[in-house]
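Quick note: the coordinates plus some simple rules give every number you see, no bench work behind them. Model, not experiment: these values are computed from the prediction. Positions of Cβ are backbone-derived with ideal geometry, glycine not excepted, and every protein chain shown enters the neighbour counts.
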Amino acid sequence: MSVRSRKSVEWLNSLSVKPVRVAEQMIGNSLVGLEAVRDYFQKGNWRKEQGDLGGAIENYQKALEFNPEDAEVHKKLAEVYVLQGEFEKAIASCNVALQFQPTFAPAYLTMGNALHSQNKLEMAIQAYLQALKIQPEFAEASANLGSMYYKLGQLEQAANYYQKALLINPQLCSVNMMMASVLQQQGKLDAAIICYQKVLEQQPGDASAAEKLSSLTAQKERQTTNSKFIELETESGEAQPLSVNKDEGYGLQPSSINLPPAPTAETLNTPFTNPAELSEQVTSIDVPDSGQVANFEEVEPYNKLAEQFLVQGKIK
């Protein structure tokens, strides 16, 4: 091979190697960027858990410098803004996350939480519904949707969404607590008691659940006792004639002496207009005194004699 040919081959080799090296460098930089994003993201999460919200924001923002299109980091940043009470910033971060990942259901959940904190319940409901449209088995979205309906006083809707959340994730203690509250307000005390019991099975030291369970159990026992008294009164009343008044269930008999006469055809449709007339009707029955009433021994001989005359036809 001539000198000129050798130089040509070297030049061609340099052309083919250069793109490879550029690609390798780009991959290396990308890997470094991904490592940096993951590192700052984890630091941000740790800071958030420790309650250092400022430190969390700082680390999330550094992660976004390496990858501005990371929807998960934008969503986490929104969560911290909600904790800080910066609800508009939280909603803005959620919108950025959804721009890069439109089907990111957790971003709609966080947006709903921010709207709820602003008391924009109807808008929060729409955000949670959108999250469920994307991810139907999203237990947290169902639970938060139930809480929106609870705050609006729509207990049946609230119970439905709490139930859906618990079917997806039975371990959500806070949802069991809310479900118990709804059931108690609906008068479904047995079901409410079961919910509080489930909370205490999962969290035996939950003082609030224990207190509410104790109060509800006592309420249930009072209702059961009152129900038994009512049943006893009803059974006693059924054993009496129709004319029995309310006192007869306790052994008292009604008095018939002062009952007014039965209405005639002439007076049936005439209402009482004069209290004196009513009083006169009630008290006009003549009752003989004891001196005017013959005893049994004096009357009996005359009764027998009258019966004999009647049989003989002497009395017509």
How long is the gain from Thr103 to Glu49 if the chain were fully straight, where each residue apart is worth 0.36 nm and the alpha carbon distance is subtracted? 16.8 nm
Need one number: nm distance between label points at Leu129 and Asp190, each 7 Å from Cα along Cα→Cβ, rounded to one decimal. 3.5
Rounded to the nearest whole number, the Stokes-Einstein translational diffusion coefficient of region 23-148 at 20 °C and 1.002 mPa s (Kirkwood radius, C-alpha pairs) in µm²/s is 142
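What full-extension length gain, to one decimal in nm, is calculated for Gln84 and Asn119 as 0.36 nm per residue of separation minus the Cα-Cα distance? Can you show the working numbers first?
Numbers: separation 35, 0.36 × 35 = 12.60 nm, distance 1.61 nm.
My answer for the length gained is 11.0 nm.
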Once you order the gyration tensor axes a ≥ b ≥ c over the Cα atoms, which shape class does region 117-162 get: rounded for a/c under 1.5, otherwise prolate or oblate by comparing a/b with b/c? oblate
Burial-style ranking of 82-90, 207-215, 103-111, average other-beta-carbon count within 10 Å with highest first, yields 103-111, 82-90, 207-215
Extended-chain gain in nm, criterion 0.36 nm per residue less alpha-carbon gap, Ser174 and Gln223: 14.9 nm
